[in-house]
1. Please report the accessible area of Asp179 (heavy atoms, 1.4 Å probe, ligands and nucleic acids excluded) in Å², nearest 10.
2. For Glu118, Glu204, Glu191, what's the largest-to-smallest order of accessible area, 1.4 Å probe?
3. I'd like the accessible area for Glu97: 1.4 Å probe, protein heavy atoms, all chains in place, Å² to the nearest 10.
4. Go ahead and run the numbers for FRET between Leu187 and Ala32, Cβ-Cβ distance against an R0 of 35 Å, rounding to 0.05.
5. So how far apart, in nm, are the two label points at Gln219 and Ser301 if each is 7 Å from Cα heading toward Cβ?
6. Assuming 0.36 nm per residue, please report the length gained on full extension of the stretch Glu252 to Lys275 beyond their Cα-Cα distance.
7. Quick one: accessible surface of Val260, probe radius 1.4 Å, all protein chains present, in square angstrom to the nearest 10.
8. Just list whichever of Lys284/Lys319; Lys98/Lys137; Lys59/Lys296; Lys69/Lys296; Lys235/Lys256 have alpha carbons separated by over 19 Å in the model shown.
Amino acid sequence: MAQVSSITFHYVIKALEKNSLITIDEMLEQVALSKEILLKENVQIESSKLSDIFNYCIKKSGDNTLSLKIGSSITYHSLGILGYLLLNAKNLKDVIEKFDNYQKLISGFMKFNLSKDEEYYKMAIYINENPMILVPKYHAEVHLSAIMAILNQLIGYKITPDLTFFSAHSLDDIEKYNDIFGKNIVLNKNENAILFKKSNLNIEINNSNPLMLEYFETQANRILETMAVSTWYSKVKREVLKNIGEYDISIEFISKRLNVSTRTLQYNLKAENKKFRDALLSVKMQLANHYIKNTKMDFGSIAILLGYKESSSFFRAYKKYYKQTPRNYEVKG
């Protein structure tokens, strides 16, 4: 459905190797990947392959908490400049808000969405900012436990959220989850999130330094400006992925989201030898495989989410794109 960088992929499977004692070579063999791909920069790998590796390692090791162990092993140093920026924030509230603002420095297809109400700050994890796309269980557990590990390091002692939401129906070894997230864990939610009461956000950071914070924020803003340069085709795909399922996707809609006219967007895509309909179809087909693999939705429901008025149209498009039917893909699993 989505992709992760080869660097992130390598980092995670190295952590899996350490915690499961299963070699990287054996993991890669399960998903038909060569070790050479991990040595290449700017290479994207399907996130489903990471999920498959997680499932394999958990099944072979018999350890259902591997994702929590990996997340809990993350340090703020591994975030690079973002980690040092957060280290110099004033308090928990400041950390959460600055993480939300600067997370593009580290995040790719997964993103924490910060929302606030009268009582809580909520950090929910989404794929490409789209709450309609289900986050696979192990991905959610790694990211949420990593955030808690980093917060504890920054503060200097252990804290837990006031509430934690998981979309999972059940959790193995609940004591491990309680140790990381506290006792207030709610299952069967439509999102994966940690929540902090506003009244508890004034917890101070151990080594806060306003001058260092200003320095790292300046550097972070410069990096974000550089990162903003990307192809129009990738911008279109990103906007489609963020909005599909909630809105009717058209080139007019995406143009408005990108703050350009439809004609300008068409011209920019043509200059890259790309077409809008190809970007839209690519996202739809990636999402189709994600839903088939990670949910129990029937094909009719998937077709509707992807914007097809009839299941037959979805089946035809899928077969033309992948040279097999959705049911064949489901059976191969």
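The values are calculated or read from the model by the stated rules, or taken from the named source; none is laboratory data. Note that the coordinates shown come from a computational prediction; the quantities given were computed from them, not determined experimentally. Cβ coordinates were reconstructed from backbone atoms using ideal geometry, including for glycine residues, and neighbour counts include every protein chain displayed. Surface accessibility is based on the protein's heavy atoms, side chains included, excluding ligands, DNA and RNA. Shrake-Rupley method; radii C 1.70, N 1.55, O 1.52, S 1.80 Å.
1. 90 Å²
2. On the way: Glu118 185, Glu204 135, Glu191 20 Å².
Ranked list, largest accessible area first: Glu118, Glu204, Glu191.
3. Rounded to the nearest 10, the figure is 50 Å².
4. On the way: r = 34 Å, r/R0 = 0.97.
In this case the efficiency is close to 0.55.
5. 4.7 nm
6. Between Glu252 and Lys275, full extension yields an extra 6.9 nm.
7. Solvent-accessible area, nearest 10 Å²: 40 Å².
8. Pairs exceeding 19 Å: Lys98/Lys137; Lys59/Lys296; Lys69/Lys296.
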